[in-house]
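Remarks on the structure that follows.
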Amino acid sequence: HQETEEEGSSGINAEYGVDNYERRHDNNKRVIGSLLGRYDKGVVIITESFAVPHQETEEEVSMDMEYAMRIGELQKKVNTNLYTVGWYSSGIIINEYSSLIHAFYKCQCPTPVHLTIDTLMTNQKMKINTHITLPIGVKNGTEGCIFTPVPYTIQGAEAEQVSLKFFQQLRGSKKTPNFNDQEQIINCCDEMISQIGVVLGHIKQVLAGEAPADKELGRQIMEVVQAVPNLESDTITNMLNSHMQDLLAVEYLTYLTRQQLAVSARLNQIL
């Protein structure tokens, strides 16, 4: 069972592959890159990626293998838990050159994962597929491999989810987005209060016998409650006020820096 997962701000992040595709050379029909991550009980967890230079024509394909190995080693020095776990490519088509590229990554890891990203947005959707290869052919004769789809899930860190929700709200809107941190915190708190209200309503229905009890759901609610630190309201208020003061101080210093740069630029124009 193979599975890919996005987590943290350094996940596979399909936007990395899309950005690589947008910056490609005009002669390149697709782009490729290495996938980094770790193995956990038969599951491949992809957390990093980087682009690998390559050239592909109808007659031949070439890639900078030394660059891929060197950058992979540098990434491992930064995070010793990272390993090369496969590669990605733009587009959903797998051709004969994919087997050649996959053969290189098979030398880097035992079972590399090939992830494809539909950068052409077919059906107005950026489809993602993951594959591994299985050997085919006759023993001691002609041998090859076939790309077999494997299931995957995409997960994001809480910070990423907040950002995605914010930008989803801007769909079809011509208004200038408001990046005020205080308003974002207020909106998140309002949403959390609304969700707590939904959970409390369900619990009351279960206690009143109006809704069936679900042991698994109850266990998850208990885990959420236990994850909340047991703090007095005054302590929480002081923590929020302290954080808000730090936030205001950072905003004020940022404003002063911008004004100083603006004044410096005008003085340079005068002199």
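What the table below lists for this structure:
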quantity	calculated
One residue from Thr80, Thr84 being of a type outside the set (Gly, Ala, Ser) and within 25 Å of Asn129 (Cβ to Cβ)	Thr84
Flag for Val85 being β-branched (Val, Ile, Thr) and either open to solvent by 30 Å² or more (accessible area, probe 1.4 Å) or out of contact with any Pro (no Cβ under 8 Å at 6 or more places or on another chain) (or both)	no
Qualifying residues in the stretch 124-140 (those that are outside any strand (DSSP E or B) and without any contact (Cβ under 8 Å) to a residue 60 or more places away in the chain) - the one nearest to Ser90 (Cα to Cα)	Lys127
The one condition in (1) modelled with pLDDT of 85 or more; (2) open to solvent by less than 80 Å² (accessible area, probe 1.4 Å); (3) over 30 Å from Gly91 (Cα atoms) that Val113 fails to fulfil	(3)
Single residue of Ser62, Ser99, Ser89 found to be under 14 Å from Ile132 (Cβ atoms) and either small (Gly, Ala, Ser) or in a helix (DSSP H, G or I) (or both)	Ser99
Selected residue [closer than 20 Å to Thr119 by Cα and modelled with pLDDT of 85 or more] from Gly11, Gly33, Gly91	Gly33
Residue satisfying condition, being touching a His at 6+ places or on another chain (Cβ under 9 Å), under 15 Å from Ile32 (Cα atoms) and in a strand (DSSP E or B), within set Thr116, Thr84	Thr116
Test for Ser49: is it open to solvent by less than 20 Å² (accessible area, probe 1.4 Å) and in contact (Cβ under 8 Å) with a residue 24 or more places away in the chain	yes
Cross-chain or 6+ apart pairs with Cβ under 6 Å, the stretch 188-215 first and free of Cβ contacts under 8 Å to residues at least 24 places away in the same chain, then of a type outside the set (D, E, K, R) and open to solvent by less than 60 Å² (accessible area, probe 1.4 Å)	Gln205/Ala211; Ala213/Val206
Qualifying residue in the stretch 22-36 (condition: of a type in the set (A, V, I, L, M) and either open to solvent by 20 Å² or more (accessible area, probe 1.4 Å) or more than 24 Å from Thr148 (Cβ to Cβ) (or both))	no
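The values are calculated or read from the model by the stated rules, or taken from the named source; none is laboratory data. Everything quoted here is computed from the prediction, not taken from an experiment. Please note: Cβ atoms are built from the backbone with ideal geometry, for glycine as well, and neighbour counts cover all protein chains shown. For accessibility, only protein heavy atoms count, side chains too; no ligands or nucleic acids. Shrake-Rupley method; radii C 1.70, N 1.55, O 1.52, S 1.80 Å.
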